[in-house]
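The values are calculated or read from the model by the stated rules, or taken from the named source; none is laboratory data. This structure is a prediction, so every number in the text was calculated from the model and none was measured. Neighbour counts are summed over all protein chains in view; Cβ atoms, including those assigned to glycine, are modelled from backbone coordinates with ideal geometry.
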Amino acid sequence: MTLMRRLRGFLDLTRPGNVVAAGVLTFTGAYVAGGAVAVDAVAVGAAVVATMFATGAGNAINDYFDREIDRVNDPDRPIPRGAVSPRAALAFSGALFLGAMGCALFLPLTAIAIAVFNLLLLVAYTKLFKGVPGLGNVVVGFLTGSTFLFGGAAVGEPLGAATLFVLAAIATLTREVVKDVEDLAGDREQGLNTLPIAVGEVAALRIGLAAMVVAVLASAVPYLQGTFGVAYLALVIPADLVMLHGTKRAFADPSAAQRRIKAGMLLAVVAFIVGRTVA
């Protein structure tokens, strides 16, 4: 195996797109919660890097535990395709976790507490929660949403982006339910009991749609409370519509639905940034 192929395998383990997105979300949480992130530049930078390390570590350890499932659902992942051995993936994940904890030491105690809790939850997710109907989806939703709390905690305002946390957590929960529908064949073959397997595809997607409606309603809170103005509303309404349409699309095409929900979530993040900027 060539060195470049091996390095590419390690990079793919982290899912670099997700790693960068997670870092952006943490920065957004700090900005929405604190406004002038330049005042706490070291803490914000440490939080962003810690999030990126932790996300890469979580993705790598998930690939380690899911290597048999991925042979069916996603055979092009690094372990099934032979680019990285399971043992190397586990060691790589451990190194990234250590990097995340090292960065977290530069942060306030509340941020460190969030980091430790999330890292433990990441490790426990695949072995304990992933196969429990609905619970695994809730865990992933919480972990995604908590990047905003983590960013806020880095600037001393852990609840400053609480609405964004709720919106992202619930929207991610819905996207994870849709992904479980897409991965039904491999999950069933491996004996997992995901929500679509436990209650049926249609019922699971209806639960996801109901959750998304709650997220959309939550997105109105900053405007109704007077925290953000019309500029925020002008962006968050299209974001809500994209996410709702994507969830509805899941009944016919789960793969396309995931992309639309993700696009809507990113637009919602932009809405919060603009809302904070012009507030």
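Below is a table of values for the structure above.
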| item | result |
| --- | --- |
| Which listed residue is under 30 Å from F65 (Cα atoms), in a helix (DSSP H, G or I) and aliphatic (A, V, I, L, M), from L235, L209 | L209 |
| Selected residue [of a type in the set (F, W, Y), under 18 Å from G151 (Cβ atoms) and touching a Leu at 6+ places or on another chain (Cβ under 7 Å)] from F106, F92, F53, F27 | F53 |
| Residue satisfying all of: in segment 53-81; in a loop (DSSP other than H, G, I, E, B) and in contact with a Phe, Trp or Tyr (Cβ under 9 Å, 6 or more places away or on another chain); surrounded by the fewest Cβ atoms within 10 Å (Cβ to Cβ) among these | I79 |
| Cβ pairs under 7 Å, 6+ apart, first in segment 81-96 and within 12 Å of I61 (Cβ to Cβ) and in contact (Cβ under 8 Å) with a residue 24 or more places away in the chain, second assigned to a helix (DSSP H, G or I) and hydroxyl-bearing (S, T, Y) | A89/Y64; L90/Y64; S93/Y64 |
| Residue match in segment 144-155 (condition: without any contact (Cβ under 8 Å) to a residue 60 or more places away in the chain and within 15 Å of the chain's Cα centre (by Cα)) | yes |
| Selection from segment 98-112 of residues that are buried (at least 23 other Cβ atoms within 10 Å of the Cβ) and part of a loop (DSSP other than H, G, I, E, B) | L107 |
| Single match in L192, L135 (criterion: without any contact (Cβ under 8 Å) to a residue 24 or more places away in the chain, surrounded by fewer than 23 Cβ atoms within 10 Å (Cβ to Cβ), under 25 Å from D70 (Cβ atoms) and not assigned by TED's automatic domain parsing to the domain that holds P108) | L135 |
| Boolean, F142 is assigned to a helix (DSSP H, G or I), of a type in the set (F, W, Y), outside the structural domain of A46 (by TED's automatic domain parsing) and surrounded by fewer than 22 Cβ atoms within 10 Å (Cβ to Cβ) | yes |
| From the options M265, M243, residue that is assigned to a helix (DSSP H, G or I), of a type outside the set (D, E, K, R) and modelled with pLDDT under 95 | M265 |
| Residues satisfying the stated conditions in segment 113-122, i.e. surrounded by fewer than 17 Cβ atoms within 10 Å (Cβ to Cβ) and of a type outside the set (G, A, S) | V116, F117, L120 |
| Among (1) touching a helix residue (DSSP H, G or I) at 6+ places or on another chain (Cβ under 6 Å); (2) at pLDDT below 90 - the single one L120 does not satisfy | (1) |
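This table checks each residue for (1) more than 18 Å from the chain's Cα centre (by Cα); (2) within 13 Å of T174 (Cβ to Cβ).
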{"residue": "Y223", "(1), (2)": "yes, no"}
{"residue": "G226", "(1), (2)": "yes, no"}
{"residue": "A231", "(1), (2)": "yes, no"}
{"residue": "P238", "(1), (2)": "yes, no"}
{"residue": "L241", "(1), (2)": "yes, no"}
{"residue": "H245", "(1), (2)": "yes, yes"}
{"residue": "A250", "(1), (2)": "yes, yes"}
{"residue": "A257", "(1), (2)": "no, yes"}
